[in-house]
1. Is there a residue in the range 77-87 that is at pLDDT below 85 and either in contact with a Pro (Cβ under 6 Å, 6 or more places away or on another chain) or of a type in the set (Phe, Trp, Tyr) (or both)?
2. Quick one: count up the residues across the range 77-123 that are assigned to a loop (DSSP other than H, G, I, E, B), among the aliphatic types (A, V, I, L, M) and farther than 30 Å from VAL47 by Cα.
3. In the range 48-61, what residues are loosely packed, with under 10 Cβ neighbours inside 10 Å and closer than 25 Å to LYS102 by Cα?
4. Somewhere in the range 34-49, is a residue modelled with pLDDT of 80 or more and in contact with a strand residue (DSSP E or B) (Cβ under 7 Å, 6 or more places away or on another chain)?
5. Would you point out which residue out of ASP74, ASP65, ASP45 is out of contact with any helix residue (DSSP H, G or I) (no Cβ under 6 Å at 6 or more places or on another chain), surrounded by 10 or more Cβ atoms within 10 Å (Cβ to Cβ) and part of a loop (DSSP other than H, G, I, E, B)?
6. Considering the range 112-135 alone, what residues qualify as being among the aliphatic types (A, V, I, L, M) and at pLDDT below 85?
Amino acid sequence: MTDPRHAGADAAVTRHEEELRLETAVEQSGVVGQRKVVEREQVADLVPREFESAAIKRSRVEGEDSGEIETLPDGSVSVPVFEEELVITKRRIVRERIVIRKSVTTEKVPVEAELLKERVEVGGDGLLEDTQTQS
């Protein structure tokens, strides 16, 4: 159709269309609570422990001990023996000191062996002079 008011002019038609627009909104839907529960349990178990021993000469430790191997003036070696003492935490303490002495024995043993000796003979017409040098 032509509108007589706009005779001779181009006619324009605007077309519209609906568009769906979605948005979200955060709303509180409930409450979640938390709590920590600590339970206590008594336990008992066998605990392995190590200890060193030697059956030579033993002496009690008086006061503090370095826990180091020591060489005594007579050449003997004094070795500390440790054992674990069970406490809430483990630590090593010196319980005793061991003195080890060593001796040397000398014996005479017969030995037989065959030895080779070389000898040089020089011959000549009598003009050779035999001169010995001593070393």
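1. yes
2. So the answer is 8.
3. Within the range 48-61, ALA55, ILE56, ARG60 meet the criteria.
4. yes
5. ASP65
6. Step one: filter the range 112-135 for residues among the aliphatic types (A, V, I, L, M), giving 113, 115-116, 120, 122, 127-128.
Once the filter is applied, which keeps residues that are among the aliphatic types (A, V, I, L, M) and at pLDDT below 85, the range 112-135 yields LEU115, LEU116, VAL120, VAL122, LEU127, LEU128.
The values are calculated or read from the model by the stated rules, or taken from the named source; none is laboratory data. Treat the numbers as computed from the prediction; the structure is a model and nothing was measured. Every residue, glycine as well, gets a Cβ built from its backbone with ideal geometry; the counts of neighbours run over all protein chains shown.
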